[in-house]
Amino acid sequence: MKAVHVTGYGDVDKLEVVEKSIPEPKSNEVLIKVKACGINNTEIWMREGAYGTGSKSGWRPEGVQFPRVPGSDITGEVVKLGEEVEEGMLGKDIVVFPFTSSGPEGQEHIAEDMSFIGSEYDGGYAEYVVWPADLCFDMPLSDYTESAAFSVSGMTAWHMVEQIQAKPGETVMVTGANGGVGSLNVQIASKVFGADVIAIVGDLALEGKMKELGATHVLSYKSDNLSEEILEANGGPIDSVLDVVGDALFSTSLQVLKKGGKFCTSGSAGGQKTELDFRTLYLKHITLYGSVLGTRDEFKRMLEAISEGKIQPVIERTYPLEQAREAQTYFKQAGKMGKIILLPEG
């Protein structure tokens, strides 16, 4: 089969298209013919060493072992079963829950042995992948590409919104609102949880699309008066921030939050380190949440909301598998709207 290997830490030249054997499913696994695989920051930062190298590079103490096939937002068809898997799984169109864990229900994502597909296991930048049958769920939409727009980004966004407990009557600011996680934060906070959303983007030409996704107000982070514009749009301080940017908007976020406000971050594309004046934190009674991935129950609730049409796929562009380098390069460009999807069959 055709697959993409990450051969080590570095630039996109560390991605190599290779031929390798089709994997055999273990007794509790299924073999999936990959139809689509979304790109995430996760596999790019892993390749670049942004999480660290060696033992710090992955989710497990041993770190990522190269070569590794990346990719975690996987949809496909089950084409072979392990001996313990029910025959009814054969031929199913599925979406992959992206990690294994022995953590109890509701704490799967914070268990010490959490292991991620595309990091600790070979992932979806390939024509075939194996995965435990009980971590394969029915596709929420009939289209493989559209269904691949949600998995990691969607679960991350859903978990973030649940953490801040967004509700009608509240205002939530979403940074990086045009990205894979951000565009889902906007939809989930507004259309599922009923909050008003202030979407922060770079290019205000995206305003119409962001309002279609559920944003009440759309502002540009390039403004010289962003804090004032946020307060004016909301008629005062906001309730919560859902952040994927990090340093670049951290100070602004704390400034516009109300007393008792909540700040939840799942990424740091705009800077991984920041300065914090603790006085702002305690004098305003602000709660900080670190967030990544989510639970199986949250994943199921997300899939249900997708199947009910409450959350729409937002896809910027697709690439054939052989153009993984070009796809990851494009992924890092500013101003995109939604997900980049790799298609093994072109």
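The values are calculated or read from the model by the stated rules, or taken from the named source; none is laboratory data. None of the values given here were measured: they were computed from a predicted structure. With ideal geometry, Cβ positions are generated from the backbone for all residues, glycine too; neighbour counts draw on all protein chains shown. For the accessible areas, the whole protein counts, side chains as well, though only heavy atoms, and no ligand, DNA or RNA atoms are used. Shrake-Rupley method; radii C 1.70, N 1.55, O 1.52, S 1.80 Å.
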Counting pairs of alpha carbon atoms under 8 Å apart in space and at least six apart in sequence, what relative contact order in percent does the chain give? 18
Value of Rg/Rh across the stretch 191-285 [Cα atoms, Kirkwood radius]: 0.95
What lysines could a cross-link reach from residue 33, if we take a straight Cα to Cα line under 18 Å and drop same-chain neighbours fewer than 8 places away? 2, 20, 80, 92
Using a 1.4 angstrom probe on the protein heavy atoms only, line up 26, 300 by accessible area, largest first. 26, 300
Sulfur and carbon atoms: percent of accessible area, the stretch 88-170 [1.4 Å]: 47
So which GluC sites (Glu not before Pro) in the stretch 37-107 are both in a DSSP loop and have at most 12 other Cβ atoms within 10 Å of their Cβ? 62, 83, 84, 86, 105
Excluding residues on the same chain fewer than 8 positions from residue 258, give the lysines whose Cα lies under 25 Å from its Cα. 167, 191, 211, 222, 273, 284
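For the stretch 88-237, how big is Rg over Rh, using alpha carbon atoms and the Kirkwood form of Rh?
Result for the stretch 88-237 is an Rg/Rh of 1.05.
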Hydrodynamic radius of the stretch 226-339 per Kirkwood, over alpha carbon pairs, in Å: 16.9
For the stretch 41-116, take N as its residue count and report Rg(C-alpha) divided by 2.2 N^0.38 Å. 1.33
How large is the helix-only mean residue ellipticity at 222 nm for the chain, computed as the sum of -39500 (n - 2.57) over DSSP H runs with n ≥ 4, divided by its residue count, in deg cm²/dmol to the nearest 500? -7000 deg cm²/dmol
Please work out the average accessible area per residue across the stretch 59-108, using the 1.4 Å probe convention, and give it in Å². 48
Given a Förster distance of 22 Å, report the FRET efficiency between residue 225 and residue 288 from their Cβ-Cβ distance, rounded to the nearest 0.05. 0.30
Gain in span if fully extended, residue 279 to residue 251, counting 0.36 nm per residue against the direct Cα distance: 8.8 nm
Pop out the carbon and sulfur fraction of the accessible area of the stretch 243-346 as a percent, whole number, probe 1.4 Å. 48
Gap separating the Cα centres of the stretch 104-134 and the stretch 1-46, nearest whole Å: 13
Mind checking the per residue accessible area of the stretch 181-236 for me, 1.4 Å probe, whole number of Å²? 42
With the calculation restricted to Cα positions, what are the radius of gyration and Dmax of the chain in angstrom? 19.8, 62
Net +/- balance of residues flanking residue 205 in space, Cβ distance below 13 Å, scoring K and R +1, D and E -1: +2
